[in-house]
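Participant: Before anything else, here's the structure in question.
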């Protein structure tokens, strides 16, 4: 498993860097769209095994519409796309045989896929579009993944106390602390690359190191609810695409809004 993780990282990381730095905006949007729809597909498939069926086609199309709205020049298109998603998904619930709890669980799941995968990941399009956004996007990826790596190794070697045993028995307090510390250190080390002061970088590192863990645990909660170990098998050693995006789904919006409301960018 470790060898597969390392090999996947050696192949995937250069590809991610190339896409973020050199890909034109339309190509980057297409990649984000592909990842969002892939994560949605995994989410729907995971719960289908548990007997909860989403309106997959509608959910995927509406999720794609939300992602594309992030790339549009007119800001009004994004709330329009999200509003349309809510209206269409809830309206589609009317065609189900009976308004039972399980029927409306499918409606909720469909909308969750749009909001959780497409809406949250779509913020990376806005993040990359900021001045210096390519480097800031790489900064977010680096801080998040280095923090996760530290949590993995420290948790396996020194982990003793469960962090959230009912949700993810394998995660430990020691691993969580390691992720927070590593995130801060990596953020401070990369501060110059994104023209941040050391205090600002440390604050962002602490933010991503904390919020990322919530994102990770949230996906673990969803997997446990569906009775699944992994969201998929798309990435050898890592599970599915959703398993690799779980922290970023929370970290990218957190970073974007932090930069926006603090006036740093």
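Throughout, read-outs are computed from the coordinates displayed, never taken from laboratory work. As the structure is a computational prediction, the values presented were derived from the model and not from experiment. Please note: Cβ atoms are built from the backbone with ideal geometry, for glycine as well, and neighbour counts cover all protein chains shown.
Participant: What ranking of 149, 110 emerges when the number of other C-beta atoms within 10 Å of each C-beta is taken as an exposure proxy, fewest first?
Facilitator: 149, 110
Participant: Calculate, in nm to one decimal, what residue 257 and residue 90 gain on full extension: separation in residues at 0.36 nm each, minus their alpha carbon distance. Intermediate values should be presented prior to the final figure.
Facilitator: Details: separation 167, 0.36 × 167 = 60.12 nm, distance 2.88 nm.
Additional length available on full extension: 57.2 nm.
Participant: Could you check the simple spin-label distance between residue 103 and residue 161, using points 7 Å along Cα→Cβ, in nm with one decimal?
Facilitator: Result: 4.9 nm between the two label points.
Participant: Calculated FRET efficiency, residue 72 and residue 30, Cβ-Cβ r, R0 22 Å, to nearest 0.05? The partial results should precede the final answer.
Facilitator: Values: r = 14 Å, r/R0 = 0.65.
The pair residue 72/residue 30 has a calculated efficiency of 0.95.
Participant: By count of other Cβ within 10 Å, fewest leading, how are 183, 247, 83, 168 ordered? It would help to have the intermediate numbers written out before the result.
Facilitator: Numbers: 183 31, 247 27, 83 10, 168 17.
Going from least to most buried by this count: 83, 168, 247, 183.
Participant: Above 31 Å lies some portion of the pair distances; for the chain, what is it as a whole percent of all C-alpha pairs? It would help to have the intermediate numbers written out before the result.
Facilitator: Values: 9220 of 34980 pairs.
Percentage above 31 Å: 26.
Participant: Would you mind calculating the gained length between residue 53 and residue 153 on full extension (0.36 nm times residue separation, minus the Cα-Cα distance), in nm to one decimal?
Facilitator: So the extension gain works out to 32.4 nm.
Participant: How many angstrom separate the Cα center of the stretch 18-94 from the Cα center of the stretch 106-135?
Facilitator: First find each Cα centre; the distance between them is then 8 Å.
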